[in-house]
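The values are calculated or read from the model by the stated rules, or taken from the named source; none is laboratory data. Keep in mind the model is a prediction, meaning the values are calculated, not measured. We place every Cβ from the backbone using ideal geometry, glycine too, and count neighbours over all the protein chains shown. With ligands, DNA and RNA removed, areas are computed over all heavy atoms of the protein, side chains included. Shrake-Rupley method; radii C 1.70, N 1.55, O 1.52, S 1.80 Å.
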Amino acid sequence: MLLVFGLFELTNIDIAIQNYFYNNAQEAWLWSKQEPVLKLFFYDAPKTALTFFALGIIISLLFFRKRDLISRYKNGLVIVLLSLIIVPSVVGLLKATTNSACPVALDNYGGEIPYVKVLASYPPNKTPSKIQKCFPAGHASGGFALLSLFFIFTTTKNKKIAMVFATSLGGLMGSYKMIIGDHFISHTLITMGLAWLLICTIAALVQKFTALSIINSNN
């Protein structure tokens, strides 16, 4: 994650890739964020599905925790649930503090804000009037939070399927936001790395807590 962040801070890869999604002649993005069908499939539907999935896990852990299936996968379900809550929350907190503008707001693409790297400062006469909240990628964070499904499954095959599914979903969600001008590719890639770091931390803490609980109960 740090290597990827450094690469984008030291190069203009973000701009080079984002240029493919913007039509200078028409002053428009490849897809309009107001297009209802695309917005439904790539924005509204994933967010709704993830919300209901999290609610389903909560209901299962509260009311069906004694069932064999839920009991067997309890740790994994807790990891997934915490990931679905913590990953988007941390990303949202970072978005509120990095003051990084979205492509659509930049003067490169018809906006008024100059392109500035995450660690750089805006020119004194070009500082945005309000905090910009575009880095990391918030929408994709929900999809990448499902990388936590890795810790539910026990077989290597299923773990790989879970990783491919979550990476693909997060990637599609992030790509949609790139195509409508809301994010650079670095925003999505950093979100993916950050999500995996948080998920591994959550998994380690949950497993440690479970191990300590077993030891205490045996004593």
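Taking the range 38-122 and the helices (runs of 4 or more DSSP H) fully enclosed by it, the elements with 2 or more residues that are among the small types (Gly, Ala, Ser) are at 45-63, 74-98. No other residue among Thr191, Thr97, Thr127 is closer than 23 Å to Phe41 by Cβ and either open to solvent by less than 20 Å² (accessible area, probe 1.4 Å) or at pLDDT below 95 (or both) apart from Thr191. Count of the range 8-18 residues, restricted to those that are exposed (fewer than 13 other Cβ atoms within 10 Å of the Cβ) and of a type outside the set (Ser, Thr, Tyr), is 3.
Working carefully through the options Lys133, Lys157, Lys126, find the one that is in contact with a helix residue (DSSP H, G or I) (Cβ under 8 Å, 6 or more places away or on another chain) and charged (D, E, K, R).
Among Lys133, Lys157, Lys126, only Lys133 is in contact with a helix residue (DSSP H, G or I) (Cβ under 8 Å, 6 or more places away or on another chain) and charged (D, E, K, R).
The set of residues from the range 104-120 being touching a Phe, Trp or Tyr at 6+ places or on another chain (Cβ under 8 Å) and open to solvent by 50 Å² or more (accessible area, probe 1.4 Å) comprises Val104, Asp107, Asn108. Being hydrophobic (A, V, I, L, M, F, W, C), surrounded by 14 or more Cβ atoms within 10 Å (Cβ to Cβ) and closer than 20 Å to Leu169 by Cα is the filter; apply it to the range 22-43 and report the residue that is farthest from the chain's Cα centre (by Cα). Per the stated criteria, the residue is Trp31. Just one of the listed residues (Ile215, Ile202, Ile180) is modelled with pLDDT of 95 or more and out of contact with any strand residue (DSSP E or B) (no Cβ under 6 Å at 6 or more places or on another chain), namely Ile202.
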